[in-house]
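Remarks on the structure that follows.
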Amino acid sequence: MTSFRELISRPLTARESPVFGTADAWRESPTAMLSRRAFVRQSGVGSMALAALLQGSDQAAGGAHLAPKARRIIYLFMHGGPSQLDLFDHKPGLKELHGQELPASVRGTQRLTGMTSGQKSLPVTSSIFQFARHGQSGAMVSELLPHTASIVDDLCIIRSMHTEAINHDPAVTLMQTGHQQAGRPSFGAWASYGLGSENSNLPAFVVLISRGSAARPADPLYARLWGSGFLPSNHQGVSFRGGPDRVLYLANPPGIDPTTRRDQLDVIAGLNEMQRTRERDPEIATRIAQYEMAFRMQSSVPELTDLSGETPATFEAYGPQASQPGTFAANCLLARRMAERGVRFIQLYHRGWDQHYNLPSDLRLQCRDVDQPAAALIGDLRQRGLLDETLVVWGGEFGRTTYSQGKLEPTNYGRDHHGGCFTMWLAGGGVKPGIIYGETDDFCYNVARDPVHVHDLNATLLHLMGIDHTRLTYRFQGRDYRLTDVYGSLVKDILA
């Protein structure tokens, strides 16, 4: 059988590569007897122009608009909607109203989901969990988050988040892309497009997914949530998995060694460059860049994901699941390693936060998954001198209702989706530490002071990375698009 190296060293014929035209046309061409290796060289692969393409410099938005406070973001996304009432927004007055009907004046004209719109009663439900003040900031934190409580003086807790979306898919899509309908670029893709990568051997945007311990079906996560939309596709997020193949299709199949793979990529790059020159399609340059990135990742990913050099103290800090690939704890540790290596946007999705029922038991399990690792991540970044330049974000797509979904029992209840108010926290990367921003009403149903919309949050996160959200745009189908659409204001009071 002819080896690939032998195959590329002999003359190329038109029948083997019909992209070059008919056999007769090929025989008449003065380049007919070029070897594949010579063709790759003469087609421009490896030239300075193509090198620029492979780095994506002609597809980036031009870099930062102002001095950045954060060089990267680690986004801890609690998929499903954590209950702010049971974790961060203590409402002791609800205990006296427990079981009573939620006043119509409080709910106003806000929509209900189909899961409770037909419910005959909407009984006020106070939290079953104990709260206590912590740190110099005096932030009230639930007993479910003892490790997070220990770092409250590092956190900027925003209690006045709000969104108009009340179902998971449009709410997550709005949070990640700035629009409730699918098709637009995700936050990480915008960050990659605007700022590029600090490490040519790893993607600028990486996604890690873990499943929560709550005994309920997890809502679906779609790859478009970390997609590039209409941006060049090399800006899409690369999903890392928990199994032996951390990135799908990255490893060489049996019988293919690195030298053979390099030879194959050289030939494919040459063909793609010829097509790019002819078609003037920038997406072809993206395709070349993606092949090259995948080749470099064959070396960089195993080194990144090899945790054998981490100390026992580090594993102990992140918790008992830190050595189990695919868990939230292991993903937090990987996120720190990615931050050290210059990955621009690191998104951790933790599933299972949709507590429509059995909230007391399931929320306890979910918090046990994330509390210690998230706090350890903050401490680890601080210890390594990375926290000041790394912005850590924690939160979900919306909050939960003040009233119980379904039957309210003495020790059990559930809560429906609620976009009127919810809580997120930020740490590091240019935000004020140890502050609480915003306030909700006595029922934790409406924002009472300093509202922060999803667009405001995204505008502020971009600002901290040195990007003016009104200037990071991409023209598509005759219109300039941006992450914040035509909205968004900086939340200046949380900036350090």
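The values are calculated or read from the model by the stated rules, or taken from the named source; none is laboratory data. Because the structure is predicted, anything quoted here is derived from the model rather than measured. So basically every Cβ, Gly included, is an ideal-geometry build from the backbone, and we count neighbours across all protein chains shown.
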Can you give me the number of residues within segment 219-242 that are in contact with a strand residue (DSSP E or B) (Cβ under 9 Å, 6 or more places away or on another chain), in a loop (DSSP other than H, G, I, E, B) and touching a residue at least 60 places away in the same chain (Cβ under 8 Å)? 7
Which of the following residues is in contact (Cβ under 8 Å) with a residue 40 or more places away in the chain, out of contact with any Lys or Arg (no Cβ under 8 Å at 6 or more places or on another chain) and under 21 Å from Arg71 (Cβ atoms): Ile467, Ile494, Ile435? Ile467
Residues satisfying the stated conditions in segment 233-258, i.e. more than 24 Å from Leu304 (Cβ to Cβ) and at pLDDT 95 or above: none
Condition test on Asp369, is it modelled with pLDDT of 95 or more, over 28 Å from Leu490 (Cα atoms), touching a helix residue (DSSP H, G or I) at 6+ places or on another chain (Cβ under 7 Å) and buried (at least 22 other Cβ atoms within 10 Å of the Cβ)? yes
Is it true that Thr460 is among the hydroxyl-bearing types (Ser, Thr, Tyr), in contact (Cβ under 8 Å) with a residue 12 or more places away in the chain and in a strand (DSSP E or B)? no
Counting only residues that are closer than 19 Å to Leu155 by Cβ and of a type outside the set (D, E, K, R), which one in segment 466-496 is surrounded by the most Cβ atoms within 10 Å (Cβ to Cβ)? Val491
Across segment 419-444, which residue is farthest from Val141 (Cα to Cα) among those that are within 25 Å of the chain's Cα centre (by Cα) and of a type in the set (Ser, Thr, Tyr)? Tyr437
Could you please find all residues in segment 258-314 being under 23 Å from Ala204 (Cα atoms), among the polar types (S, T, N, Q) and loosely packed, with under 12 Cβ neighbours inside 10 Å? Ser299
Tell me the strands (runs of 3 or more DSSP E) entirely within segment 398-440 that contain at least 1 residues that are of a type outside the set (Val, Ile, Thr) and crowded, with 24+ Cβ neighbours inside 10 Å. 399-404, 415-418, 422-427
Qualifying residue in segment 366-384 (condition: within 23 Å of the chain's Cα centre (by Cα), part of a loop (DSSP other than H, G, I, E, B) and not polar (S, T, N, Q)): yes
Answer yes if at least one residue in segment 316-336 is over 24 Å from the mean Cα position of the chain (by Cα), among the charged types (D, E, K, R), surrounded by fewer than 24 Cβ atoms within 10 Å (Cβ to Cβ) and not in a helix (DSSP H, G or I), and no otherwise. no
Return yes when Ile268 is assigned to a helix (DSSP H, G or I) and free of Cβ contacts under 8 Å to residues at least 24 places away in the same chain and no when it is not. yes
Just name the residue that is surrounded by the most Cβ atoms within 10 Å (Cβ to Cβ) out of those in segment 337-360 that are among the aromatic types (Phe, Trp, Tyr) and not in a loop (DSSP other than H, G, I, E, B). Phe345
With the requirement that a residue be of a type in the set (S, T, N, Q) and in a helix (DSSP H, G or I), what does segment 88-107 give you? Ser105
Regarding Asp388, is this residue surrounded by fewer than 21 Cβ atoms within 10 Å (Cβ to Cβ) and part of a helix (DSSP H, G or I)? yes
Taking Ser197 as the residue in question, decide whether it is hydroxyl-bearing (Ser, Thr, Tyr) and either more than 18 Å from the chain's Cα centre (by Cα) or at pLDDT 95 or above (or both). no
In segment 95-112, which residues are closer than 12 Å to Val124 by Cα, surrounded by fewer than 13 Cβ atoms within 10 Å (Cβ to Cβ) and in contact (Cβ under 8 Å) with a residue 60 or more places away in the chain? Gly99
For segment 341-355, state whether one or more residues are out of contact with any helix residue (DSSP H, G or I) (no Cβ under 9 Å at 6 or more places or on another chain), of a type outside the set (A, V, I, L, M) and more than 24 Å from Arg246 (Cα to Cα). no
Condition first: under 19 Å from Val206 (Cβ atoms) and not aromatic (Phe, Trp, Tyr). Can you find one or more residues in segment 364-373 that meet it? yes
If you go through segment 108-133 one residue at a time, how many are outside any loop (DSSP other than H, G, I, E, B) and either under 32 Å from the mean Cα position of the chain (by Cα) or more than 19 Å from Gln84 (Cβ to Cβ) (or both)? 3
Could you check, for segment 475-483, whether at least one of its residues is in contact with a helix residue (DSSP H, G or I) (Cβ under 9 Å, 6 or more places away or on another chain), assigned to a loop (DSSP other than H, G, I, E, B) and either closer than 23 Å to Leu87 by Cα or of a type in the set (Val, Ile, Thr) (or both)? no
What number of residues within segment 345-395 are of a type in the set (Asp, Glu) and either over 30 Å from Asn412 (Cα atoms) or in contact with a Phe, Trp or Tyr (Cβ under 6 Å, 6 or more places away or on another chain) (or both)? 4
When you go through (1) in contact with a Phe, Trp or Tyr (Cβ under 6 Å, 6 or more places away or on another chain); (2) assigned to a loop (DSSP other than H, G, I, E, B); (3) not hydrophobic (A, V, I, L, M, F, W, C) one by one for Asp245, which number turns out not to apply? (1)
